[in-house]
Amino acid sequence: MVLRIQRTLLERLRQHGEETYPHECCGALVGNFDDDGNRTVRSVVRCGNMRTDSPQNRYEISPAELVRIQHEARMADQDIVGFYHSHPDHPAQWSATDLKEAHWSGCSYVITRVDERKADVTNSFLLTGDEEAKRFEDEVIEIY
């Protein structure tokens, strides 16, 4: 599976992680589900991290914000195709908590390692399965 994204959009989400360091940033990826099963990102929407207990290693997007983003995307004949967040001073790999809190099957989950205020590695993972048997699969990021 492939997540297609313009270089400027990828840099925008990576910069978001640098700006919120040492806390995790988060946001939505809006675009289209392609006929070939891949996703194409058309815009990156920054969201506020609602976690107050441990924002340095957890994130939460408010449901109201997600409803607004999804409504605006549908008005443009698009959809939420994924989410992104940062891992300050930790690898750009999903954690058990990331999997537990992921609920949008068929969407991409992009994670950027931010090492001492500098965005480093960015990886993407596709959430597959249902709530009882969900899993992340490595996904290629295709920059266009």
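Applying the criteria of a DSSP loop state and at most 15 other Cβ atoms within 10 Å to the GluC sites (Glu not before Pro) of region 70-144 yields Glu101, Glu116, Glu131, Glu132. Close amide H pairs (under 5 Å, H built 1.01 Å from N) link Asn57 with Glu24, residues at least 5 positions away or on another chain. Computed extension gain for Asp35 through Ser105, at 0.36 nm per residue and net of the alpha carbon distance, reaches 23.5 nm. Extension gain, Arg7-Gln70: 0.36 nm per intervening residue step, less the Cα-Cα distance, totals 20.4 nm.
Kirkwood analysis of the Cα pair distances in the chain returns a hydrodynamic radius of 15.0 Å.
A short reminder: the numbers here are calculations on the coordinates, not readings from a lab. Because the structure is a prediction, the values reported are computed rather than measured. Glycine also receives a Cβ, built like all others from the backbone with ideal geometry; neighbour counts cover every protein chain displayed.
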